[in-house]
1. Residue check: is Q79 over 19 Å from Y250 (Cβ atoms) and either open to solvent by less than 50 Å² (accessible area, probe 1.4 Å) or modelled with pLDDT of 95 or more (or both)?
2. Could you count how many residues in segment 93-107 are of a type outside the set (F, W, Y) and open to solvent by 10 Å² or more (accessible area, probe 1.4 Å)?
3. Give, as residue ranges, the strands (runs of 3 or more DSSP E) completely inside segment 157-263 that count at least 1 residues that are surrounded by fewer than 22 Cβ atoms within 10 Å (Cβ to Cβ), within 17 Å of the chain's Cα centre (by Cα) and among the charged types (D, E, K, R).
4. Among the residues of segment 63-116, count how many are touching a helix residue (DSSP H, G or I) at 6+ places or on another chain (Cβ under 6 Å), more than 28 Å from V211 (Cα to Cα) and among the small types (G, A, S).
5. Take the residues in segment 108-123 that are touching a Lys or Arg at 6+ places or on another chain (Cβ under 8 Å) and of a type outside the set (A, V, I, L, M, F, W, C); name whichever of them is surrounded by the most Cβ atoms within 10 Å (Cβ to Cβ).
6. Does A240 count as out of contact with any Phe, Trp or Tyr (no Cβ under 7 Å at 6 or more places or on another chain) and modelled with pLDDT under 95?
Amino acid sequence: MRTTAVRRTALAASAAALALLVTACGGSGDEDKADGDKGKGDSTASASAAPAAEALTADELKKAALVSGDVESGEVTDQVSPKDFVKQDEVEADDEACAALAYVQSGTVVGKPSATAQWMWIGEPDKSAAAGGDAEDVMNAALDVTSVRATLAAYADGGAQKAMEELGKAVGDCAGGFAYTAQGEKVKNLKVAETEAPEGADEALALTATVDTEGTKVPMKAVVARKGSTVAYFPAVNLASVGSGEDFEYPADVVRAQLAKLG
């Protein structure tokens, strides 16, 4: 793997990782496939069907966030610092119409939530993939790990619906590609595709962006889902995919577990 690619891979495991990468719930082997099925998700499920619910407090969000044992696969940890996550003012889209999408890709939030809670999920490498292989096979297998840095954001006065509307509009306006800067790193999206989101939300978007990384087309994925006045952001990155450009399976079970816990 090239030196720069290695550096970007390391960043992908930190806050800057999501500043460089991310997009949504696609399935393995097909960048427009999510949770095993092709098709566009219902991004407007009930966008304005119900009145805005009261925003959760910071303590309520923390209680609703996933913790270790809530997901059978991988490992969940709430031992994160605000420094592990990109801040909104560290992201700047070349085209303001694409700002909401740039925020999600960078691992931050859309709009101005009244409270947030954050956690991280780390998948497990496929040990069988390295069995009997050489040193390179072992290294590649070790890097084939998907991680999610999730943010639960509570919004007052209908802000959750507005955030979803803003993001949906950005996906439509910027599907043909756009560029942005996050924490000083320039990111170039070649295209953005909406895919099928996991069920369980009042409203959800699943996205797969194709990012140009030194000539390699890297899929970046995320799901954004609203339950009442709370919007949950699930950007995901796979370290091996960053170097190879190959697709990876989005951990939809993590999203479903969090949506179920939100109630």
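The values are calculated or read from the model by the stated rules, or taken from the named source; none is laboratory data. Note that this is a predicted model, so its numbers are computed, not measured. Glycine also receives a Cβ, built like all others from the backbone with ideal geometry; neighbour counts cover every protein chain displayed. For the accessible areas, the whole protein counts, side chains as well, though only heavy atoms, and no ligand, DNA or RNA atoms are used. Shrake-Rupley method; radii C 1.70, N 1.55, O 1.52, S 1.80 Å.
1. Values: over 19 Å from Y250 (Cβ atoms): yes; either open to solvent by less than 50 Å² (accessible area, probe 1.4 Å) or modelled with pLDDT of 95 or more (or both): no.
The answer is no for Q79.
2. Residues flagged as of a type outside the set (F, W, Y) and open to solvent by 10 Å² or more (accessible area, probe 1.4 Å) within segment 93-107 amount to 5.
3. Working: elements: 178-182, 185-195, 203-213, 216-227, 230-238.
Output list reads 185-195.
4. The qualifying residues number 2.
5. T108
6. Details: out of contact with any Phe, Trp or Tyr (no Cβ under 7 Å at 6 or more places or on another chain): yes; modelled with pLDDT under 95: yes.
So A240 fits the description; yes.
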